Amino acid sequence: MANKPDADSAATRMRCLIVEDEPILAEMLIDTLSDAGFETTHLDRGDGVVDWVKSEDPTVVLLDLMLPGTDGFSICRAIRTFSRVPLIMITAKVEEGDRLRGFDLGADDYICKPFHAAEVAARVRALLRRSIEWREASPGSSLELDDARLEARWRGATLDLTPLEFRLLSTLGKRPGRVYSRNELLDTVYSDGRDVSDRTIDSHIKNLRRKISEVDDGDTPIESIYGVGYKFKG
Ligand code: CA
């Protein structure tokens, strides 16, 4: 079992629940998804999975079909009564009927054993791209955010941001017109209270502006307020 994430990282990291009772496969999935940047939790039985998903709200679920306790089909059906979490079924059963039944019960994708680690990571990434939930940073804003996956897009174009840049842009974009001092922005992006110069923010803002200008060569939406800090324009 992975350590339970603290509240801060839970809000900003992608979390993958792996339900698999075969230790070697489970280990391979944990390694693969950890390498892909996920915080992983592993459960090796079916009972308890539904309650875990209900309380922890993971980003994505990998679910084996044949499990001690409760089988994957029943778990999938139960999860779909309260959650649209992206869910991939993993199973040794390759029969068409089982695959269709999985989709009927609400699985988003299906991987048959034996599989390659690279395939699993690629499927998870593809599924998350499809299930991304864009929300306008503020009503009517040209900036859209997916807070769960730390993805942002400006006027419809996806921005290639680091997690720190995402937090910075998200903070500014959610309250357009509000002027943030460099110190306030530092508190937002470095939650561990580390001691960095407030000029660090300037270099991150510079990178953000450059990345936005790569997809839109119009006016930058991030405005400098001399002697104070920065604000986001609409
Ligand atoms: Ca199994």
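The calculated FRET efficiency for Tyr190 paired with Thr220, based on their beta-carbon distance and R0 = 25 Å, is about 0.60. Projected onto planes of every orientation and averaged, the convex hull of the alpha-carbon atoms in region 7-132 covers 7.1 nm². Taking other C-beta atoms within 10 angstrom as a stand-in for reagent exposure, His116, His42 fall in the order His116, His42, fewest first.
Fully extending the segment from Trp52 to Arg199, taken as 0.36 nm per residue of separation minus the present Cα-Cα distance, adds 48.7 nm.
Along its three principal directions, the equivalent ellipsoid of the chain from the Cα gyration tensor extends over semi-axes of 40, 18, 15 Å, largest first. Rounded to whole Å, the principal axis extents of the Cα atoms in region 136-232 read 35, 30, 24, largest first. Subtracting the Cα-Cα distance of Ser181 and Ser213 from 0.36 nm times their residue separation leaves 9.2 nm of extension gain. Restricting attention to the chain, close to 45% of DSSP beta bridges with both partner residues there are antiparallel. Taking every DSSP helix (H) stretch of at least 4 residues in the chain, weighting each as -39,500 (n - 2.57) and dividing the sum by the residue count yields a mean residue ellipticity at 222 nm of -12000 deg cm²/dmol. Mean-square fluctuations from a GNM of the chain, with a 10 angstrom spring cutoff on Cα atoms, peak among Met14, Met28, Met66 at Met28.
So how strong a dipole does region 12-63 carry about its Cα centre when Lys and Arg Cβ are +1 and Asp and Glu Cβ are -1, to the nearest 20 debye?
260
The distance between label points at Ala92 and Thr158 comes to 3.6 nm (points 7 Å beyond Cα on the Cα→Cβ vector).
Under 10 Å, Cα contacts only: if you run a Gaussian network model on the chain, which one of Asp217, Asp57, Asp35 comes out with the highest mean-square fluctuation? For the chain, modelled as a Gaussian network with Cα springs under 10 Å, the answer is Asp217. Here the spin labels are modelled as points 7 Å beyond Cα on the Cα-Cβ line, and at Ile111 and Arg80 they lie 2.1 nm apart. The charge dipole of region 7-132, taken about the Cα centre with unit charges on the Cβ atoms of Lys, Arg (+1) and Asp, Glu (-1), comes to about 560 debye, rounded to the nearest 20.
Running a GNM on the chain with Cα contacts under 10 Å, which residue among Val53, Val179, Val196 ends up with the highest mean-square fluctuation? Residue with maximal mean-square fluctuation among Val53, Val179, Val196: Val196.
Here, each number is a calculation from the coordinates, and none is a lab measurement. Every value quoted in this text rests on a predicted model; they were computed, and no experiment measured them. Positions of Cβ are backbone-derived with ideal geometry, glycine not excepted, and every protein chain shown enters the neighbour counts.
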